[in-house]
Amino acid sequence: YVHLDRLVQHHLRDFTRPTMDPVVKLVELFPALVAKLDPELGAFLKRSGCPPFFAVTWLVTWHSHDADLATACRLFDVFLSCTPLMPLYVAAVALV
């Protein structure tokens with residue numbers, strides 16, 4: 001229980017709030033990360049005016065809904081051992 005509580009208090013904190021406001025703020029960082037990795041794609045995302053809500057499921061599920069079990073386990077290992085922003089960084093790299 002202690003480990004799960006710590007996980008919810010830190011890595012999953014934004015996803016356990018009463019509103020989605022923290023998640024929306026997190027996702028708003030996504031276009032800037034993509035633009036840093038791929039300026040052309042970043043400019044396209046900006047021009048399109050499409051909010052990056054497509055990335056929400058990647059962040060909420062830690063990419064596990066699109067990965068096989070072995071890959072999901074490896075991703076979880078990485079996410080647990082790194083900054084809570086790591087799922088966002090992986091999402092940006094995956095898109096590019």
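At 0.692 mPa s and 37 °C, plugging the Kirkwood radius over alpha-carbon pairs of the range 1-72 into Stokes-Einstein gives what diffusion coefficient in µm²/s? This corresponds to a translational diffusion coefficient of 236 µm²/s. The protection proxy used here, the mean number of other Cβ atoms lying within 10 Å of each residue, ranks peptides 66-73, 27-34, 78-85 as follows, highest first: 27-34, 78-85, 66-73. Net charge dipole, the chain: roughly 220 debye, given to the nearest 20, about the Cα centre with Cβ charges of +1 for Lys and Arg and -1 for Asp and Glu. Projecting the Cα atoms of Thr57, Pro39, Leu80 onto the charge dipole of the chain (Cβ charges, centred on the Cα centre) puts Pro39 farthest toward the positive pole. Taking the Cα centre of the range 38-90 as origin and assigning +1 to Lys and Arg Cβ atoms and -1 to Asp and Glu Cβ atoms, the resulting dipole is close to 180 debye.
Only the coordinates and a few stated rules stand behind these numbers; no lab work does. Quick caveat, the model's predicted, so the values are computed rather than measured. Methodologically, a virtual Cβ is constructed for each residue, glycine included, from the backbone with ideal geometry; neighbour enumeration extends over all protein chains shown.
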